[in-house]
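I have placed the structure first, in the form of structure tokens, so that the comments after it can refer back to it.
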Amino acid sequence: MDPEKREQFEEVAHSGGLIVFKIRTDDEDRTSYQVNLSAKSVIPGLGGRKLAIRAIYALQQGIPLGVVRMGGMGGDFSDRPHPSCFPVFIGSDSEGMFGHQCPRCNMYWRSDEARLCPYCGFEGPGHLFLTDAQARYVEEYCHTLSTALEKVKNGDIKIDMDAVASAACTDSEKPKFYYAEETQQHQFRCDKCGCFNDVLGRVCYCSGCGTRNDLEMLKEDISMIRERIAAGGPYERFVQDTVSCFDSYVRKHIDELKQMPLTRRRRGLIEGKTFQNLERTRDALKDVFDIDILRRLSDSNIAFCIKMFHRRHVYEHLGGEADDKYIQATGDNVRLKQALTETQASVSDFCTQILKIAEELHVRFHEILPPLTEPIKRHKQNSSRAEEF
């Protein structure tokens, strides 16, 4: 099944495969080993699979120490962090994805890359993001290999991961090496680095490069609002919906930014605030983070957006009738207690301006918390090569 069409919280079986430790002892009683990996394309009862392999270094006790640079299975592993380390090969789930668990916030997700946590932004090498089940697998793998090196002179020791994969479909006792993954709620592929992400909730960092996906989610929300606008009025409700989406969008960004050291005064400007007043939101972001979210808008569009934010308040709290505060704040040429109305054009234009404001916040946010450049650069290069063919 396409991982981007999975139902949430389904178990995804292991990709399977066979791991063979080939133990050999030479004439001078020196023991060495090789690791061979093989996999079937289909496991009975599971159908086709996508197989991906990653590897980490671990001490013989099963303690992860680093990530293996996967340049080939027959490498000399000269980059190992300690001479006694084992390279431990970890297979993906049957969709070619790996589960990950953050050591800081303890949250779980699936992806094909793990350079940082999509929830809290913790950045680190891949071996820090093992799940509890994967950590147990690493311990068992190291125990099996170290025991074989002690007791076997010449022979092959096998770890049957096909049995692990098949166990996901049964209620029988799981093999010692068993681990499986679980789909989450929102699957997307990052348009900056190409990394697949499967996370709880909707908005997060990309696990591969650290780019936030809030803007893409807002575009989806605005697109749905536009569809409802096209279907007809009353249009006033769409002003409220658009401001609500914007409020959530800004709040998510500020929740991330306020983790930085701030003075008490600056923190007070954003702590516990709503962002349904455009002027106050602009001023707070400029004062605290030096972000001018209205920089891309003309003076006339700024005035229009400020008016629409005030209209949201009128629609939501005053039954749609203009009060003196609204008239003074906007300079709108309406009478006191006049019922305000919208047109298809006015709410559609409001959506357009909101996206411009959101794009500016997205760009300035990542100037403060920049994504990782290497995976983005590599993805662009790979995409360019693909276009050439």
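The values are calculated or read from the model by the stated rules, or taken from the named source; none is laboratory data. All of these numbers come straight from a predicted model, not from anything done at the bench. Neighbour counts are summed over all protein chains in view; Cβ atoms, including those assigned to glycine, are modelled from backbone coordinates with ideal geometry. Remember, those area values only see protein heavy atoms, side chains included, never the ligands or the DNA or RNA. Shrake-Rupley method; radii C 1.70, N 1.55, O 1.52, S 1.80 Å.
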Legend entry - Point-to-point label distance, Lys286-Ser38, nm (Cα→Cβ direction, 7 Å offset): 6.9 nm
Inset, instruction - Quote the FRET efficiency, to the nearest 0.05, computed for Arg385 versus Ala329 with a Förster distance R0 of 56 Å and r equal to the Cβ-Cβ distance. - result: 0.55
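If I stretch the segment between Arg228 and Thr352 completely, what's the gain in nm (0.36 nm per residue apart, minus their alpha carbon distance), one decimal?
Details: separation 124, 0.36 × 124 = 44.64 nm, distance 1.49 nm.
Using 0.36 nm per residue and subtracting the Cα-Cα distance, I get 43.2 nm.
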Inset, instruction - In a Gaussian network model over the chain where Cα atoms closer than 10 Å are linked, find which of Met224, Met260, Met308 has the largest mean-square fluctuation. - result: Met260
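Round to a whole number: what % of the accessible area of the stretch 93-232 belongs to carbon and sulfur, probe 1.4 Å? Mind showing how you got there, number by number?
Details: 2830 of 5810 Å².
It is 49 percent, rounded to a whole number.
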Inset, instruction - Mind telling me which of Asp221, Asp323, Asp191 comes out most flexible in a GNM of the chain, alpha-carbon contacts under 10 Å? - result: Asp323
Legend entry - Lys pairs under 28 Å by Cα in the stretch 263-389, provided they are eight or more residues apart or on distinct chains: 14
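Probe of 1.4 angstrom, ligands and nucleic acids ignored: what's the accessible area per residue over the stretch 186-292, in square angstrom?
Numbers: 4830 Å² over 107 residues.
Roughly 45 Å² per residue, with all protein chains present.
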Legend entry - Cross-link reach list, aspartates and glutamates versus Lys40, counting only Cα pairs under 13 Å and skipping chain neighbours closer than eight places: Asp160, Asp162
Legend entry - Solvent exposure ordering (accessible area, 1.4 Å, most first) of His186, His100: His186, His100
Legend entry - Using θ = phi - 60° and Karplus 6.51 cos²θ - 1.76 cosθ + 1.60, couplings along the stretch 312-322 (whole Hz; Gly, Pro as x): 4, 4, 5, 5, 7, 10, 10, x, x, 9, 5
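Suppose R0 equals 25 Å. What FRET efficiency, 1/(1 + (r/R0)^6) with r the Cβ-Cβ distance, do Arg378 and Glu216 give to the nearest 0.05? If you can, show how the numbers build up before the last one.
Working: r = 21 Å, r/R0 = 0.82.
That pair, Arg378 with Glu216, gives E of 0.75.
May I ask you to compute the full-extension gain from Gln8 to Arg80, defined as 0.36 nm times their residue separation minus their alpha-carbon distance, rounded to one decimal in nm?
On the way: separation 72, 0.36 × 72 = 25.92 nm, distance 3.77 nm.
In short, 22.1 nm is gained.
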Inset, instruction - Tell me which residues come under 5 Å, amide H to amide H, from Cys206 once H is placed; ignore anything under 5 positions away on its chain. - result: Thr211, Arg212, Asn213
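Roll a 1.4 Å probe over the protein chains and send me the accessible area per residue for the stretch 327-389 in Å². All intermediate terms of the calculation are to be shown ahead of the outcome.
Numbers: 3950 Å² over 63 residues.
Per residue, the stretch 327-389 has 63 Å² of solvent-accessible surface.
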Inset, instruction - Mind checking the stretch 142-223 for GluC sites (Glu not before Pro) that DSSP puts in a loop (not H, G, I, E or B) and that have at most 14 other Cβ atoms within 10 Å? - result: Glu173
Legend entry - Efficiency of FRET between Glu150 and Thr263 - r from beta-carbon atoms, R0 51 angstrom, step 0.05: 0.30
Legend entry - Set of lysines near Lys153 by C-alpha distance (under 17 Å), chain-local residues within fewer than 8 positions excluded: Lys22
Legend entry - the stretch 65-133 - accessible surface per residue (Å², probe 1.4 Å): 42 Å²
Legend entry - Rounded percent of accessible protein surface that carbon and sulfur make up, the stretch 265-389, 1.4 Å probe: 47 percent
